[in-house]
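Remarks on the structure that follows.
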Amino acid sequence: MSASGGTKAIVAALAANLAIAASKFVAFLFSGSSSMLAESVHSLADSGNQGLLLLGGKKAQREATPQHPFGYGRERYIYAFLVSIVLFSVGGMFAIYEGYEKIKDPHEIEAWYWPVGVLVFAIIAETFSFRTAIKESNEVRGGLSWKEFVRRAKAPELPVVLLEDLGALIGLILALVGVSLALVTGNGVWDGIGTLCIGILLIVIAIVLAAETKSLLLGEAAGVDEVKKIEASLVDGTTVTRIIHMRTLHLGPEELLVAAKIAVRHDETAAEVAAAIDAAEERIRAAVPIARVIYLEPDIYNEAAASAGSATGKTPGGPGDVH
């Protein structure tokens, strides 16, 4: 997994969640707090999620085979999608069930110092993990806002860890509020309400993750900046005169496919056209290093045919890019 995959952030989150899960479960055993049980399952699910992300990164490094000629880069998308399912089913649904049971049959929290102490420790540990994820993301997100980064990032690991850590911090605060209100009022219903809110929060985050990773699984084009660089690199003004149309597709976070029909001069020889295509491929790879699979089809430009095949409102690098 490349640096953009956020391996450091994943490992930091994994270490924090394992320690937090153990401490929360101990606190549940001593206090009987349903919020602590829900949070321990939440942290355990998060630990499994980080394990899935690391496994996906490892599998994505496999060499291409005759059966999978474009390699296994999309393994990272598949495992990120699995994370959203685990977060929804294990974390969110369990918390909602546990919250409902506690509201229906509330009981007083015992040994209050256990859940409060563990929650404070967990907030500190999750803050450290979240800080690491933010630092790693800042190195690759450029001028994008956080919302744009989550939506546009082609490497799924950092957005997943960011949303997980954010959800964990908010969940811990909800648990602390629920436990505190239960202690102050002597009514265990507040503990159940806090648990229910944690479950709803986890399901919302899971839905966002599922939507974003589904888009990556379906296949996304290169970003606008990358498309502009490819377009500028393709045309040399001598042999390659224009781009008739072009398609781009991410085969993985760090592997891009470029397919384009390019216009060449009608009086060029086959050898000259072949040399121009080789030169264009070199320029593209120099401008966009992740463009590793490039297919260029030379043609004689016909304005009427190009106009008939053009369309507006398409994605960058997709149909309608006639130049």
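The values are calculated or read from the model by the stated rules, or taken from the named source; none is laboratory data. Quick caveat: nothing in here was measured; it's all calculated off a predicted structure. Note that each Cβ is placed from the backbone with ideal geometry, even for glycine, and that neighbours are counted across all protein chains shown. Accessible surface areas use protein heavy atoms only, side chains included; no ligands, DNA or RNA. Shrake-Rupley method; radii C 1.70, N 1.55, O 1.52, S 1.80 Å.
Are any of the residues in the range 214-226 open to solvent by less than 20 Å² (accessible area, probe 1.4 Å), among the β-branched types (Val, Ile, Thr) and more than 16 Å from the chain's Cα centre (by Cα)?
There is no residue in the range 214-226 that is open to solvent by less than 20 Å² (accessible area, probe 1.4 Å), among the β-branched types (Val, Ile, Thr) and more than 16 Å from the chain's Cα centre (by Cα).
Kindly indicate which of Val204, Val235 is under 30 Å from Ala155 (Cα atoms), aliphatic (A, V, I, L, M), in contact (Cβ under 8 Å) with a residue 40 or more places away in the chain and surrounded by fewer than 22 Cβ atoms within 10 Å (Cβ to Cβ).
The unique qualifying residue is Val235.
Going by the structure shown, is Leu183 of a type in the set (A, V, I, L, M), assigned to a helix (DSSP H, G or I) and either modelled with pLDDT under 85 or crowded, with 17+ Cβ neighbours inside 10 Å (or both)? Before the answer, list the steps.
Working: of a type in the set (A, V, I, L, M): yes; assigned to a helix (DSSP H, G or I): yes; either modelled with pLDDT under 85 or crowded, with 17+ Cβ neighbours inside 10 Å (or both): yes.
So Leu183 passes the test.
Which count do you get for residues in the range 31-69 that are modelled with pLDDT of 85 or more and either aliphatic (A, V, I, L, M) or over 28 Å from Ala133 (Cβ atoms) (or both)?
Here the count works out to 12.
Of the residues Ile230, Ile198, only one is touching a Gly at 6+ places or on another chain (Cβ under 8 Å), modelled with pLDDT of 90 or more and crowded, with 20+ Cβ neighbours inside 10 Å; which? So that I can check it myself, show each step before the final result.
Details: Ile198 fails: modelled with pLDDT of 90 or more.
So the residue among Ile230, Ile198 that is touching a Gly at 6+ places or on another chain (Cβ under 8 Å), modelled with pLDDT of 90 or more and crowded, with 20+ Cβ neighbours inside 10 Å is Ile230.
Inspect the range 266-281 for any residue being β-branched (Val, Ile, Thr), open to solvent by less than 50 Å² (accessible area, probe 1.4 Å) and at pLDDT 95 or above and give the result as yes or no. Walk me through it before giving the result.
Applying the first criterion (β-branched (Val, Ile, Thr)) to the range 266-281 yields 269, 273, 277.
Next, from what is left, pick out any that are open to solvent by less than 50 Å² (accessible area, probe 1.4 Å): 273, 277.
Remaining after also requiring at pLDDT 95 or above: none.
The answer is no, given that none of the residues of the range 266-281 is β-branched (Val, Ile, Thr), open to solvent by less than 50 Å² (accessible area, probe 1.4 Å) and at pLDDT 95 or above.
I'm trying to understand the selection: among the residues of the range 98-150, which are farther than 20 Å from Ile170 by Cα and in contact with a Phe, Trp or Tyr (Cβ under 8 Å, 6 or more places away or on another chain)?
Those that are farther than 20 Å from Ile170 by Cα and in contact with a Phe, Trp or Tyr (Cβ under 8 Å, 6 or more places away or on another chain): Glu110, Ala111, Arg141.
Considering only residues that are open to solvent by 10 Å² or more (accessible area, probe 1.4 Å), among the β-branched types (Val, Ile, Thr) and closer than 17 Å to Val11 by Cα, look in the range 129-174 and name the one that is modelled with the highest pLDDT.
Ile134
Could you please find all residues in the range 70-89 being among the hydroxyl-bearing types (Ser, Thr, Tyr) and closer than 10 Å to Leu209 by Cβ? Before you say what the answer is, go through the steps one by one.
Restricting attention to the range 70-89, the residues satisfying the condition of being among the hydroxyl-bearing types (Ser, Thr, Tyr) are 72, 77, 79, 84, 89.
Hit for the range 70-89 is Ser84, nothing else.
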